[in-house]
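The values are calculated or read from the model by the stated rules, or taken from the named source; none is laboratory data. Fair warning: this is a prediction, and the values are worked out from it, not measured in the lab. Neighbour counts are summed over all protein chains in view; Cβ atoms, including those assigned to glycine, are modelled from backbone coordinates with ideal geometry.
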Amino acid sequence: MSTDREFIERAERASMWAWPPRETFYVSGWILQAGEPSIPRINSAKTLRFEQGADLDRAIERVEGWYAERDRTPRFQIADRVEPEALDRVLEDRGYERVGATSVWWRPLEDLPPADPAIEIETRPRAAVMNAIADPNWDETVREEHAAMFERIRRPLALAVAFEGEFPVAGGACVVVDDLAIIHSVFTQPMFRGRGHGKAILARLLGWARAMDGREALLHLPDGNEIAETMVRRFDFTRRYGYAWRRR
């Protein structure tokens, strides 16, 4: 198994294909991303590598300027491995708050649970997909921005949808990057929770990923969601690393 640093770097590179930004820029080894305003993940700086000898304060100021030009709030992703190591403390001292603590869960794509073939697989964010995945609190702009992000994905993509009758009640996405499957956006509409739809979506995506020659699966899960954490543990996922953001 890869070391933590190797694994985190591989996983974070793959995540850029699963949540593709509109544009990227490099500052002293960090990777800056910008995209739809309603998707914070694709409006943040990945900080896994930093150029030796680069000036940290100057790099932070360049990041702030780049996001200001795009009318975005500066956000730095702080994973379990970060360069320079003092970055989290420095950003805190500069008034950045820590938000969005997330864990990345992993399992090999072996000995998979049976999948329900009635769970439909789409390859584009058509209306049924977005009706399943979209939080009821999203307005039309947020919904359209998430659909636009899905349209940019240029790796094998599955958008799984569960129905009750003709109504799409749950959904999720999986992107295969080389042999690594990134699962995200798993969501069940509130009035249909507790009926096993989330489990059915996850099982279907795992089976699809294996059929696409994936060997490992990753799932990004916000910390504190005890119900979802219990579910992924039952699917034999284990936590590999975590991250949060520092936001101005």
Condition first: under 17 Å from the mean Cα position of the chain (by Cα), touching a residue at least 40 places away in the same chain (Cβ under 8 Å) and more than 18 Å from A115 (Cβ to Cβ). Now tell me which residues in the range 136-177 satisfy that. V142, E145, H146, A148, M149, R152, I153, R154, R155, V177
State yes or no: is A160 among the small types (G, A, S), out of contact with any strand residue (DSSP E or B) (no Cβ under 7 Å at 6 or more places or on another chain) and under 28 Å from L109 (Cβ atoms)? no
Which of the residues spanning the range 179-204 are on the phi > 0 side of the Ramachandran plot and part of a loop (DSSP other than H, G, I, E, B)? G194, G196
Those residues of the range 109-152 which are buried (at least 19 other Cβ atoms within 10 Å of the Cβ) and closer than 19 Å to D213 by Cβ amount to L109, A115
Checking A68 against (1) more than 25 Å from A170 (Cβ to Cβ); (2) modelled with pLDDT under 95; (3) not charged (D, E, K, R), which single condition isn't satisfied? (2)
Just checking, how many residues over the range 156-171 are at negative phi and out of contact with any Cys (no Cβ under 9 Å at 6 or more places or on another chain)? 10
Of the conditions (1) part of a strand (DSSP E or B); (2) closer than 23 Å to A217 by Cβ; (3) of a type in the set (A, V, I, L, M); (4) touching a strand residue (DSSP E or B) at 6+ places or on another chain (Cβ under 6 Å), the single one that V176 does not satisfy is (4)
For the range 148-171, state whether one or more residues are in a loop (DSSP other than H, G, I, E, B), more than 23 Å from I39 (Cα to Cα) and not assigned by TED's automatic domain parsing to the domain that holds P21. yes
Which residues, taken from the range 185-241, are of a type in the set (S, T, Y), buried (at least 16 other Cβ atoms within 10 Å of the Cβ) and in contact (Cβ under 8 Å) with a residue 40 or more places away in the chain? S185, Y241
